[in-house]
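The values are calculated or read from the model by the stated rules, or taken from the named source; none is laboratory data. All figures in this text were calculated on a predicted structure; none of them were measured in a lab. All Cβ positions, even for glycine, are placed from backbone atoms using ideal geometry, and neighbour counts span all protein chains on display.
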């Protein structure tokens, strides 16, 4: 039996029965919670806060019209009947629902051969997009990954590109002319750019331009996406003048035309780990711990060194994730951290 | 037709097992909208999502021998649809040797900010903060909110679906709730 008297805001907000009540449960829930609140008046504020949180996490479900669902049901029933029929009279080709992938498979070899091929299938690109304009120019090669696996290609300057499924890329058939090496992307790709300081490499994904000298990074920009993301693995890239470094991710909100710099969800070491690199500390001044962390992950950690001068850490953080390391350190020194503009900011009142 | 709605999943799974095609119809009708909403969060491509849902039900038919062993059909279907969609958009094998990007599959969760604003009569300033907070949630935080507060799965199912431990589910959820709590905190401390 749950003892709700011990529950804090988060506990309520996570509790199945509580959530059901907030999301419009039945009479029984109403009765139970009203009675409980009457008995525990001190918990009113906590319950109200938990309610606010649950209510603010509201999904806007897309309603699928019943007619559409019925049509889909019809298609599936057709397909399974057809399958059974084939089962009794085996035929060489297997049955595939939907024509999408079949068409894609047919054009695939053409694309691999590097032939200029204009997208004639289901047109998803709006005619005004930067991508469409570039793709229709005769001096460019368009590569379409219509398959369902990753496609690797090498550009004339020996930059290697891994193009995600459903993505398209256009580039000049040679990079000799022009001041920069320009690639137009619709979809998602990972680039390992061949260094050439005299001729910057640029990825143009609709509204945003990512410029690099030699590095590896990925860009995600599908026409239907509301954001464009640039994630850096090594080196440094410049996106419309904003510098992005490893473990950072720049998100561009297309509707508001705003950039936001964040950290990736699970930052990884930017330098290969050496066997003697451990993060075992005994009474270690926390500043040194932060500096080491910052060096390993290439992430800036901002703190007030005067306040932290007396804080020390005793822990083994070798195998923890980046955020868990931060959590443990902050707990140890009674501090909090915040992620701000792709950096970690430590808030602390100091240690005795 | 009405009595179809009242039958539990196990009833239709049994009929499926016995080789009745038509048992697929009430099951599809029951789960279509929630599967669609989960799948569309990963891809945004209506055509692709519909194709995937079709395939999931066709697979269910082809595996009807084992249909009776499915304990939670909803969980089974959500999982199958997720795998199918991720496979279709080619993300599972994407950047396979790159752990940094491996987990970076997107999750677009539509929050009804306008609805909340009107209902709660939020000030513009608070609405802007809510918007920013939600925009700052990671895709895993969005997915966990979707699974918990929309799909109403239990923590064990969420853990399996997201390929993390139950403890991580708890932690991730706790962390997400704390973020959201910060938005309302002033109100309760000062009020």
**OP:** Determine whether residue B:107 is in contact with a helix residue (DSSP H, G or I) (Cβ under 8 Å, 6 or more places away or on another chain), modelled with pLDDT under 85 and surrounded by 19 or more Cβ atoms within 10 Å (Cβ to Cβ).
**Re:** no
Subject >> Within the stretch B:1-50, tally of residues that are in contact with a helix residue (DSSP H, G or I) (Cβ under 9 Å, 6 or more places away or on another chain), within 24 Å of residue B:71 (Cα to Cα) and in a helix (DSSP H, G or I) >> reply: 30
**OP:** Scan the stretch A:86-104 and give yes if some residue there is more than 10 Å from chain B (Cβ to nearest Cβ), part of a helix (DSSP H, G or I), modelled with pLDDT under 65 and touching a strand residue (DSSP E or B) at 6+ places or on another chain (Cβ under 9 Å), otherwise no.
**Re:** yes
**OP:** Say whether the condition of being at the interface with chain A (Cβ under 7 Å from one of its Cβ atoms) and modelled with pLDDT under 85 is met by at least one residue in the stretch B:64-86.
**Re:** no
Subject >> Close pairs (7 angstrom Cβ cut-off, 6 or more residues apart or separate chains): over 9 Å from residue A:170 (Cα atoms) and more than 14 Å from chain B (Cβ to nearest Cβ) in the stretch A:139-150, surrounded by fewer than 21 Cβ atoms within 10 Å (Cβ to Cβ) and modelled with pLDDT under 85 anywhere >> reply: A:139/A:172; A:139/A:173
Original post:
For residue B:114, which of the numbered conditions (1) under 29 Å from residue A:222 (Cα atoms); (2) surrounded by fewer than 18 Cβ atoms within 10 Å (Cβ to Cβ); (3) modelled with pLDDT of 80 or more fails to hold?
Top reply: (3)
Subject >> Hits in the stretch A:196-217 (condition: closer than 13 Å to residue A:160 by Cβ and surrounded by fewer than 24 Cβ atoms within 10 Å (Cβ to Cβ)) >> reply: A:214, A:215, A:216
Original post:
Which one is farthest from the chain's Cα centre (by Cα) among residues in the stretch A:9-39 that are surrounded by 14 or more Cβ atoms within 10 Å (Cβ to Cβ) and not in a helix (DSSP H, G or I)?
Top reply: A:25
Original post:
If we keep just the residues of the stretch B:29-44 that are surrounded by fewer than 22 Cβ atoms within 10 Å (Cβ to Cβ) and facing another protein chain (nearest Cβ under 7 Å), which is nearest to the chain's Cα centre (by Cα)?
Top reply: B:37
Subject >> Residue that is modelled with the lowest pLDDT [pool: residues in the stretch B:117-157 that are surrounded by fewer than 17 Cβ atoms within 10 Å (Cβ to Cβ), at the interface with chain A (Cβ under 8 Å from one of its Cβ atoms) and under 24 Å from residue A:338 (Cα atoms)] >> reply: B:135
Subject >> Failed item, numbered, when residue B:171 is tested on (1) at pLDDT below 85; (2) out of contact with any helix residue (DSSP H, G or I) (no Cβ under 8 Å at 6 or more places or on another chain) >> reply: (1)
Original post:
Counting only residues that are facing another protein chain (nearest Cβ under 10 Å), at pLDDT 80 or above, within 22 Å of residue B:136 (Cα to Cα) and not in a loop (DSSP other than H, G, I, E, B), how many does the stretch A:188-238 have?
Top reply: 7
Original post:
Going by the structure shown, is residue B:89 facing chain A (nearest Cβ under 7 Å), buried (at least 20 other Cβ atoms within 10 Å of the Cβ), within 21 Å of residue B:142 (Cα to Cα) and at pLDDT below 85?
Top reply: yes
